[in-house]
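The values are calculated or read from the model by the stated rules, or taken from the named source; none is laboratory data. Note that the structure is a prediction, hence the values are computed from the model and not measured. Glycine gets a Cβ as well: all are built from the backbone with ideal geometry, and neighbour counts include every protein chain shown.
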Amino acid sequence: MFRSFGELLQARLPQGSAPDSENHLTILLGYDAQGRDYVIEQNGQKAQELKAKLQAVREGRM
């Protein structure tokens, strides 16, 4: 989300910041339909991989 919001705000992000972040702004804005196939979540010292069909539904669209 970091890179996506940086792109939305046309912000210059510091080099090396959020190295695992990807820009998915076109997906968030509804221009593209395909996003990531997985999400890695970190909880304290443990990381988990979540593989599920993830989708965001905008009001009035499906």
query = Within the set of pairs 6 or more residues apart or between chains, which connect a residue that is in a loop (DSSP other than H, G, I, E, B) inside segment 24-40 to a residue that is β-branched (V, I, T) and at pLDDT 80 or above with Cβ atoms less than 8 Å apart?
reply = D32/T26; A33/I27; Q34/I27; G35/I27
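From the list E49, E59, E7, exactly one residue is of a type in the set (D, E, K, R) and at pLDDT 70 or above. Which is it?
After applying the criteria, what remains is E7.
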